[in-house]
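Read-outs throughout are calculated quantities, based only on the coordinates presented, and are distinct from any laboratory measurement. None of the values given here were measured: they were computed from a predicted structure. Heads up, the Cβs are rebuilt from the backbone with ideal geometry, glycines too, and the neighbour counts pull from every protein chain shown.
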Amino acid sequence: MSELGSFVLLLALALSGYSFVAGFVALVRRQLGSEQLSETARRAGIASFVAVLIAAVILVAAAFTNDFSIAYIFHHSNRDLPLPYKFAVLWSGQEGSLLFWSLLLSGYGMVLRLRHKTDQRLFAHASVVIAAVQVFFLLLLNFAARPFAIMQGQLPTDGSGLNPLLQYPEMVIHPPMLYLGYVGFTVPFAFALGALAMKYPGDKWIHITRRWTMVTWGFLTLGIPLGAHWAYYVLGWGGYWGWDPVENASLMPWLTGTAFLHSVMMQEKRGMLKTWNMWLIFTTFMLSIFGTFLTRSGVVNSVHAFAQSSIGDWFVAFLSIIFIVCIYFYWKNREHLKSEHKLESLVSRESSFLFNNWLFLLICFTVLWGTLFPVLSEWVQGHKITVGPPFFNGVAVPFALILLLLTAVGPLLAWRKTSLESLKRNFLWPALGALAIGIFLIATPPTWGSVFGMRPWQDSAYFYSLMAAMLGALVVFTVASEFIRGGRVISGHTGRGLVASMVQLGHRNTRRYGGYVVHVGIALIFIGVLGTPLNQSAEKEMGFGDKLAVGPYTLVCQSYTQEDHPNYSTELAIMQVFKNGKQIDTLYPESRFYASTQQPQHIPTVRSSLKEDLYVVYEGQNPDTGRPIIKAHLNPLVSWIWIGVLVMIFGTVLALVPNAAPVRAAVTERAGAKVSVQAAPVGAGD
Amino acid sequence: MRHKFRIRRVRLVAAVFAGTLILIGAGDDSTRIERLGHQMMCVCGACNQYLLECNHVGCAYSERMRSELTSAVGSGKSDSSILQFFIEKYGATVLAAPTKTGFDRVAWIIPYLALVLGIGVIVLAMRTLRGRLAAAPRSGPSGVSSGEMDRFRAQARKETEL
């Protein structure tokens, strides 16, 4: 099996290499026969997907058949591993995850090559770029990180097992989502570089890649919170985001990708920011590769990182080549990227996109700076330091709040120029609503719950929480006012109800209103995050009948027990939950011990509501008394984060739906005759 | 008699005051432990958590570090000397964030410097823009004032917005 796997990987490398070289030659030497050569390159690229797919299937099959002669399977699987997690073996280690990277990349490449008739020459350029990236990953898989390397010496009877942290349902979907996002940015990068290299006339390539970019961005938008959700429900420390370097690595391309999705509209609508957009997509792709490098090089300490290995050097070399190629083509064809229009007013949609992009990049830079500062410190001072949550919360969060303000104001601005009067008219009621929310949160008594009775003057964390609540509300109110205003106009023309008109409005311009829905999702996430400074926790060693109070809840230890499962043994406590003297629930926090890896794992139990989460962790037994140690966290508003993510995904899907046919309404002319008019949404633009 | 009563009252007030101080002190200690425990990391290398958030029972580091923190706070040491003690014992990585002294300050300054530079670039763009707009001829049709153009734009938006 391992020989076949190694062979198809080598074949995939040869096919990708051919696709790159033949495709490149066909583009450079435009002579007789170059079209046929280009076609063979395209087909070789498609065939490379089949070869990589076979390799991936072989590796998964080896996990299912417990083929421990393959070193990778020995290190990441065992006989008792539940079947769904045997799939997860593919991305649970260095070599397998690189194979998965390559599989997704060749999959994206195959779809692109099958759709080549859209614009053959542009697609041929993009295909060459993708083949080049594919060659890099296949070189790694064949020579530096071989997934089919075989075990030396006597064959083991069982494997070391999968990391217990990965034995959780979300781990079957979180990495694929994240990888689909990371890898997917190769496609807009390939189109951008291809368009620059061939001096593609106009901005059609932007339209072609819009859906690719949106889909990729959507995967990353889902993948990152899935990781946060997994951390919250598996790691047992009561939080969901720790500003770990690997978490940061996933956030950075998302930030630049989001900036690109905004600024690209300026290129489509006004022919502006062409150079900026080109470099944004270059940077996003490079940050995707950089994130992969961070997790594998050991250059920074991270709880997520793969084993330290020498492949970091390969990534440095690859990143350098990408950068040089990007610089070369930019310098060569920079005249092609000149703007068609200038900025006309500072109070306009264009200027809001400029500010928005600047803030996205500033936050991205801050995250990158904080992530790499330990390395810089070691270089300058001779010792590493920790750059943890206090730094990121203290620096990036204020910047993010300014961005949230812009998220509220931006959609109210029109292209080219907005009068202050119109801005005031559209902004007044949402601003008053947000102010009322702020006053309400300050004036209400703290006894109502942890988010009430805020005292922002006492602590900067409370100030940020209040600002997040008010700005989040502002975003929701401005989006709602946009929907209501547009809905009223449609309702006035068609006579339909307001809600039906608002649905029609969304369907009429899915990109614009899908984007607004995404903004609402972001606001809900901020509202969820604002609860973090208000978290409470309590810890106690608990015998039968002992009580532990946290916030309004009282936990009573009813019992504790042990169970044995094929893959692990578990200790669990049975905790009755009381609120206001009345039992409302029973929770079962547990601590597992995986025999194959000899690692313990706390599995918290969470009682979620829109207001707060009661998060209970079984931390283990006191070795002296044998009694369980229980820690209870009270985390306000966390559910809003997951709701916000779902809203964002809904908005993204909505933005991908094609627009409905324009509204046709019968209006009466002054003379009295009825005519049919077509109404198009202009307003603040999309 | 009145003198004795006064002495008793003074003693009572003093006792209440001392008790209050002790209670405040106790409260201050737990607040300080909470604050300092969230300025430091557990150095076990496995959890990457704040010192007070490490939930590994039997963790070789966090339990010892927590008891050291409790006794240091109890002995009345200042925050800075406690942090210095931990840095000397466990290394600079024990702190959860860069300090605001020496080279560490650079970590805090650079993002804000980038913010200020960004503002500078935007201000510069504003000035250039204003100059360009002032020098450029009106783009509207001749004979139409700026106010009228704004009104026409507003009317067009109002009438065509869906």
Problem set entry | For segment A:35-113 versus segment A:495-521, the gap between their alpha-carbon centres in whole angstrom | 41
For this session: Pull up all non-local amide H partners of A:Ile150: gap of 5 or more, or a different chain, and H-to-H distance under 5 Å with H placed in the peptide plane.
Result: A:Ala71
Problem set entry | Per-residue ³J(HN,Hα) for segment A:55-72, Karplus 6.51 cos²θ - 1.76 cosθ + 1.60, θ = phi - 60°, Hz, x for Gly and Pro | 4, 5, 5, 4, 5, 5, 4, 5, 5, 5, 9, 6, 7, 7, 6, 8, 4, 4
Problem set entry | segment A:356-407, relative contact order in percent, only Cα pairs under 8 angstrom and at least six apart counted | 48
For this session: Starting from the Cα of A:Asp624, step 7 Å along the direction of its Cβ; do the same at B:Ser67; then give the gap between the two resulting points in nm.
Result: 0.8
Seminar exercise, completed: With R₀ set to 30 angstrom, the calculated FRET efficiency between the beta-carbons of A:Ser569 and A:Leu139, to the nearest 0.05, is 0.10
Problem set entry | Range of Cα positions in segment A:168-387 per principal axis (Å), largest first | 52, 35, 32
Problem set entry | Summed residue charge, Cβ within 11 Å of A:Pro600's Cβ, Lys/Arg positive, Asp/Glu negative | -2
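Sort A:Ser160, A:Ser288, A:Ser6, A:Ser591 so that the residue with the fewest other Cβ atoms within 10 Å of its own Cβ comes first and the one with the most comes last.
By the 10 Å Cβ count, ascending: A:Ser160, A:Ser6, A:Ser591, A:Ser288.
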For this session: Take the alpha carbon atoms of segment A:221-285, find their center, do the same for segment A:175-189, and report the distance between the two centers in whole angstrom.
Result: 11
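Suppose R0 equals 51 Å; then what is the FRET efficiency for A:Arg79 and A:Ile327 from their Cβ-Cβ distance, rounded to the nearest 0.05? Don't skip to the answer; put the middle values down first.
Values: r = 52 Å, r/R0 = 1.02.
Efficiency computed from Cβ-Cβ geometry: 0.45.
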For this session: Evaluate the distance, in nm, between pseudo-label points positioned 7 Å from the Cα of A:Ser320 and of A:Lys204 along their respective Cα→Cβ axes.
Result: 3.9
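Expressed in nm to one decimal, what extension gain is obtained for the pair A:Leu10 and A:Gln458 from 0.36 nm per residue of sequence separation less their Cα-Cα distance? Write out the running numbers ahead of the final one.
On the way: separation 448, 0.36 × 448 = 161.28 nm, distance 6.34 nm.
Taking A:Leu10 through A:Gln458 to full extension adds about 154.9 nm, to one decimal.
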For this session: Would you mind checking the radius of gyration and Dmax of segment A:1-161 based on alpha-carbon positions, in Å?
Result: 17.7, 60
Seminar exercise, completed: For B:Phe85, A:Phe260, A:Phe74, ascending order of other Cβ atoms within 10 Å (fewest first) is B:Phe85, A:Phe74, A:Phe260
Exercise. Given the Cα atoms of segment A:153-266, and with Rh set as the inverse mean 1/r over their pairs in the Kirkwood sense, what is Rg to Rh to two decimals?
Worked result: 1.14
Exercise. So how far apart, in nm, are the two label points at A:Ala595 and A:Ser559 if each is 7 Å from Cα heading toward Cβ?
Worked result: 2.4
Problem set entry | Relative contact order, percent, segment A:168-387 [alpha-carbon distance under 8 Å, six or more residues apart] | 22
For this session: Please report the Cα spread of segment A:444-531 along all three principal axes, rounded to whole Å, starting with the longest.
Result: 52, 25, 17
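Give the longest segment of chain A that steers clear of GluC sites (Glu not before Pro) in DSSP loops with at most 14 neighbouring Cβ atoms within 10 Å, not counting the sites themselves.
Values: sites that count: A:Glu340, A:Glu669.
That would be A:1-339.
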Exercise. When a footprinting reagent is the concern and you count Cβ atoms within 10 Å, what order do A:Leu140, A:Leu11, A:Leu471 take, fewest first?
Worked result: A:Leu11, A:Leu140, A:Leu471
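In cubic angstrom, how much convex hull volume per residue do the alpha carbon atoms of chain A span?
Dividing the Cα hull volume of chain A by its residues yields 201 Å³.
Using a 10 Å cut-off on Cβ to Cβ distances, tally the other chain neighbours for every residue of A:235-242 and report the average as a whole number. List each step's numbers first, then the result.
On the way: counts 4, 3, 8, 3, 3, 0, 0, 5.
Average per residue, whole number: 3.
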Problem set entry | Contact order relative to length of segment A:1-161, as percent, for alpha carbon pairs under 8 angstrom and 6 or more apart | 35
Problem set entry | B:Cys44-B:Lys89 FRET efficiency (beta carbon distance; Förster radius 22 Å; 0.05 resolution) | 0.95
